[in-house]
Amino acid sequence: MSSDVKIRCKNLWKLFGPNPARFLQDHDGNPSAEALEEGGYIGAVQDVSFDVHDGEILVIMGLSGSGKSTLIRCISRLNDPTSGEMDFDGKDLLNATAAELIEIRRHKMGMVFQNFGLLPNRDVLSNVTFPLEMQGMGREAREAKAREMVELVGLTGREANFPGELSGGQQQRVGIARSLAVDPDVWFLDEPFSALDPLIRAEMQDEFMRLQKVLKKTIVFITHDFEEAVKLADRIGIMKGGRMVQMGTPEDIVLNPATDYVAEFARNAPHERIITLRAIMSSDRVVTDVPPLNARDLIGDVARQVLSSETPIAVAHRGKIVGSVGRVQMLDGLYGPEAQ
Amino acid sequence: MSQPFQMPRFLAAPRLLSPRLSLAQVPLIWQFAVIIALGLALSALWGGALRWPEAWVIPMRGWITRFFEWLGEDAGIGSYKVRDLTRFLADLLDQPLTWAEYLLYRGIRPLDLPPLPWVSIVLGAAILGHWVGGWRLALFSASCLLYLAVFGLWRDGMRTLTIVIVAVPFAVSIGLWLGIWAVRSRRVAAVVSPMFDLMQATPHMAYLVPVVILFGFGQVPALIATVIFAMPPMARCVILALQTVPPEITEAGTMSGCTPRQLLWKVQIPAGKRILMLGVNQVVMQTLAMVVIASLVGATGLGQQLLTSLQQLKLGAAVEQGLGIVMIAIVLDRVTQAWANRPTDYAARGRSWRFRHRHALAFGAALIVSFALAALFKEASVLPKRLTVTFGTQMDEAVRWFAKVSYDYIQPVRDFITVEMLIPLRDFCLAVPWVVVVGLVGAAGLRLGGRGTALLCMGLVLGIVLFGFWEPAVLTVYLVFSAVVICVCIGLPIGIWASRSPRVARPVMAICDTLQTFPSFIYLIPVIMLLKVGDLSNIVAILAYATVPSIRYTYLGLRRIPDVTIEAAIANGATPRQRLFKVELPVALPEIMLGLNQTIMMALSMVAITALIGSRDLGQEIYRALPTADTGRGILAGLSIAAIGIVADRLIQGWANKRKKHLGVG
Ligand SMILES: Nc1ncnc2c1ncn2[C@@H]1O[C@H](COP(=O)(O)OP(=O)(O)OP(=O)(O)O)[C@@H](O)[C@H]1O
Ligand SMILES: [Mg+2]
């Protein structure tokens, strides 16, 4: 697995305050919450370690102020971490020179901002060509590439509009097109859809999934919204007060929340779209006339079939019967165990 | 290091007691009373507390004068003299100036070519107006320039314009560079921004004195003084523009892989363009104001003509020339503002090359046509004198007649005000011991802004005393104070009236905007026409120039009160009168006080100008320093005006901030 690790963060700290590096040193690199408060520091990111794998969508969640943006900004080096280690493609990112960083940003990283961050004085096309222009690409080449991106996000025909003439959803499409123009390996999205209304938002999420099917980027995606996280994530990381409380697959988070805080997040989660049969099945291996269900099926996809069947249905994994699922298990899975 | 410092017990003891008797708890009125009593007692014992003894004045004035003389004559390293450097600089600046002169009115001497025909310049102004602001601005610009031509002011107008055109790029680029530098480095900002404060508080005329010593009289020294004077607003706007670029835009630039240079020029400066353009507008207006005043150091043009007319009391001509300056001012202001606010040209999108460059093409055509015309008719090239008109003599007579008729009414009023009000006030001001003023300013500073403010204000006042400028400074304060009181009495009601009805507000604000573009010089014309010379004329001139901010800020302050506040007052049954005095004015007071602040600043800068019609204040000191090349006198008098301004500014700002915090909006 370690060969396809794209980003690795280890014991990452980011403090805001008068003299963070010194403060961290004085507290052996691990100050307590009280010490932080007393010293007048904000521990925006505290001792966070995780890996992001190639082609994975990692969604970071947490309440406002929990340090999500700061974390992503540390990885993209918009903020300098106070201490810790960070590898990007196996290269030490923290000690990269300014020139190396510019190179990395020009070719390997793309970022989409919550407030779009479009350049108001440039039209759609030249906003999208902007990163290519910075690289020094010729006019023809960059415009051709930008047109391709504009088409990809479905804005063809709007190339000559200025950001002020576009709706929020359209502006964010421009932001996405711009961040993709350099064909980055890693794509950071900081609450890209939260400024949009629910309908456009759902549409943009679908659009995003469609794009990812084509592009297969490594993605770090920030959101407030658990449903959005579930819809998009391979893995979810949940932050609280600067610390990463839990990281795992959506199912993991829903079924085994590490703390009450995580459980609170997962409480209204759409179980039918997160939990797989494997998690709810009983170990009775029954034999039925109907073909067995796959252990990896989402319960929502087979709920109707299970609930309408008089008897439990067998569940198979890799061609072998591994258990069964009946009405009781299905109801528990959909609505939580009765005891609660 | 190992032993912490121990305070001796007898010193520490009173400190323990002090919280109960802290100065902050003694009402300011009592503090004032004590200070005044002490000060009067002291000055009764020692005359030096009332008038600083002449013999004890620090001879800074002479030192500065000698320093500049030395700088202008002998300073240098080895055989390289500062004089050579200034001469080199002057020659360098002379080049663009000469070419602009060639082009606009003198004709290209070396090639024996005529200047641009006046017709082409008028057409050019129209095209420029249309480009930045549409048909109305086009018509307006053209007719203002046409005025210059028709009234025979063309050549002088072009002279004035020449310096503006050459000075603006210099001031803008130096300001841009300084502003960028200040944003990049905190240390530079710490040096530069108080310097700009000081520079903007120092009146125009004070810049002229050292420039004359180093560069002599003429167009180039005028240009240099103008550039120095007009640069700070640009730098300020650059700082503001760069600091207000939304962070996500800068970050988007960074993530696009911008180098720092690309980030600045391709992202931040374009994003802050609007504020930068307003900076350019300010530079242009300041430049014009300075060029007019620079006629005192030999800049030719409308300013010089106006100065001469005023000195010879040719008021009719003065009015025509003054109007010429006003025309240029308004056109420059409207055009640069329209340029700053110009929306992206959506209409040109996707149109042909010809359409997108229609203005440049039109100008080319205008050039060709007017050169052709000029070849056929000499009149299209340079309007001959016989085709121009002037109502100077008729107007002179009319003015003289009006003055004679009105004199019977005005004179008693003027004399009454002067004798019964102004002279007693003046004598009172002069009788106040300086110790009392230092004490009062210190106590007020301590209460309103803290110890730093108190020390700064006291230091500034003390400086005026020690360098021997106390008496002219008191006379300045007396003039400014009288004028500002009247300004507020006029401005407050007009501002309130305007805030009540949009129908009133629109014309009032339009008039205010226009009045603010006039160079201060202009305001002398009506004053001389009606009042002759004397303290009252000075006050009226200051008044005419400085009332605008108190109208504008009153209006804005009242308009910015949140609707809920007013609605709550109405719901609580306040009568309109109660509403105004109990709710609106108190809430808007901080804003109104900032208007007062502006009024004082403008009044102080006008003080220097009123020196031209006779006075005994600091402005006069500067004015006198000019022909005698007494640099120390000029600079110190200018700095004294700046010092008065800074003291007033700090105290008022401190008060406004306190008040805002009190209102929960700070
Ligand atoms: N430049 C800064 N200076 C000081 N404190 C900061 C700075 N940036 C962020 N913080 C603090 O760091 C903490 C984490 O902020 P961050 O922006 O990462 O939160 P977030 O999880 O992204 O919140 P949101 O969901 O509202 O965007 C907050 O307490 C914030 O106040
Ligand atoms: Mg955030």
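Please treat every number below as a calculation from the coordinates, not as lab data. Predicted, not measured: the structure shown is a model, and the values here were computed from it. Cβ sites come from the backbone with ideal geometry, for glycine too, and all protein chains shown count toward neighbours.
The Rg/Rh ratio for segment B:391-431, using Cα coordinates for both the radius of gyration and the Kirkwood hydrodynamic radius, is 1.30. Taking the Kirkwood radius as Rh and the Cα radius of gyration as Rg, chain B has a ratio of Rg/Rh equal to 0.99. For segment B:604-618, backbone phi angles converted through the Karplus equation (6.51, -1.76, 1.60; θ = phi - 60°) give residue-by-residue couplings of 5, 6, 6, 3, 5, 6, 5, 3, 5, 9, x, 6, 10, 9, 4 Hz, Gly and Pro being listed as x.
What the Cα convex hull of the protein assembly as shown gives, in volume per residue, is 284 Å³. Straight-line cross-link reach from B:Lys532 at under 20 Å between alpha-carbon atoms covers these aspartates and glutamates, not counting any fewer than eight positions away in the same chain: B:Glu320, B:Asp396, B:Glu397, B:Asp408, B:Asp415, B:Glu420, B:Asp617. Working note: Karplus 6.51/-1.76/1.60 with θ = phi - 60° gives segment B:293-303 the couplings 6, 5, 4, 5, 10, x, 6, 7, x, 4, x Hz, where Gly and Pro are set to x. Using 0.36 nm per residue and subtracting the Cα-Cα separation, the extra length available between B:Val485 and B:Leu387 on full extension is 30.5 nm.
Shown here is the pair-distance distribution of segment A:272-335: with all Cα-Cα distances grouped in 5 Å bins from zero up to the longest one, the shares run 4, 23, 36, 26, 10, 1 percent. Taken residue by residue and averaged, Cβ atoms of other chains lying within 10 Å of the Cβ of A:113-124 number 5. Counting only Cα atoms, the size of segment B:19-76 along its three principal axes is 61, 30, 16 Å, in decreasing order. Normalising the average separation of contacting C-alpha pairs (under 8 angstrom, six or more residues apart) by the number of residues puts the relative contact order of chain A at 17 percent. Averaging the sequence gap over all C-alpha pairs within less than 8 Å and six or more residues apart, then dividing by the number of residues, gives segment A:272-335 a relative contact order of 41 percent. A dipole drawn for chain A from +1 and -1 charges on Cβ atoms has a positive end, and of A:Val286, A:Gln246, A:Ala98 the residue lying farthest that way is A:Ala98. Over the residues of chain B, the helix contribution to mean residue ellipticity at 222 nm works out to -25000 deg cm²/dmol, using -39500 (n - 2.57) for each DSSP H run of at least 4.
For segment A:272-335, the Cβ-based charge dipole about the Cα centre amounts to some 240 debye (Lys, Arg positive; Asp, Glu negative; other atoms uncharged).
Placing a label point 7 Å from the Cα of B:Met60 along the Cα-to-Cβ direction, the residues of segment B:631-652 whose backbone N falls under 18 Å from that point are B:631-648. Taking amide hydrogens as placed 1.01 Å from N in the peptide plane, the amide H of A:Lys240 sits under 5 Å from those of A:Val245, each at least 5 positions away in sequence or on another chain. Legend: calculated FRET efficiency, A:Asp234 to A:Arg22, from the Cβ-Cβ distance at R0 = 45 Å, rounded to 0.05, equals 0.70. By the beta-carbon count within 10 Å of each Cβ, the least crowded to most crowded order of B:Ile330, B:Ile522, fewest first, is B:Ile330, B:Ile522.
For segment A:227-269, count all C-alpha to C-alpha pairs, find those more than 11 Å apart, and express that count as a whole percent of the total. Above the 11 Å cut-off, segment A:227-269 has 62 percent of its Cα pairs. Take every DSSP beta bridge whose two residues both sit in the protein assembly as shown; close to 60 percent of them are antiparallel. Working from the Cα coordinates of segment B:122-209, the gyration tensor eigenvalues give, after taking √(5λ), semi-axes of 36, 19, 10 Å in decreasing order. Taking a straight Cα-Cα cut-off under 20 Å and skipping sequence neighbours fewer than 8 places away in the same chain, the lysines within cross-link reach of B:Lys660 are B:Lys582. Using only side-chain charges placed at the Cβ, +1 for Lys and Arg and -1 for Asp and Glu, the dipole size of the protein assembly as shown relative to its Cα centre rounds to 2260 debye.
Considering segment B:465-608, its Cα convex hull presents a mean projected area of 10.4 nm².
Listed cross-link partners A:Lys68/B:Lys273; B:Lys314/B:Lys404; A:Lys6/A:Lys240 are compared with a 21 Å cut-off, the Cα-Cα value being larger for A:Lys68/B:Lys273; A:Lys6/A:Lys240.
Between B:Tyr407 and B:Thr575, full extension at 0.36 nm per residue minus the direct alpha carbon distance yields a gain of 56.0 nm. Between amide H atoms placed 1.01 Å from N, distances below 5 Å from A:Leu293 occur with A:Ala314, A:Val315, A:Ala316, all of them 5 or more places distant or on a separate chain. Once backbone amide H atoms are built at 1.01 Å from N, A:Met111 has A:Phe188 as its partners under 5 Å, excluding neighbours fewer than 5 places away on the same chain. As a calculated quantity, the FRET efficiency between B:Phe67 and A:Ala98 at R0 = 51 Å, using C-beta atoms, amounts to about 0.70. Our summary gives segment B:470-666 a relative contact order of 27 percent, counting only alpha carbon pairs under 8 angstrom and 6 or more residues apart.
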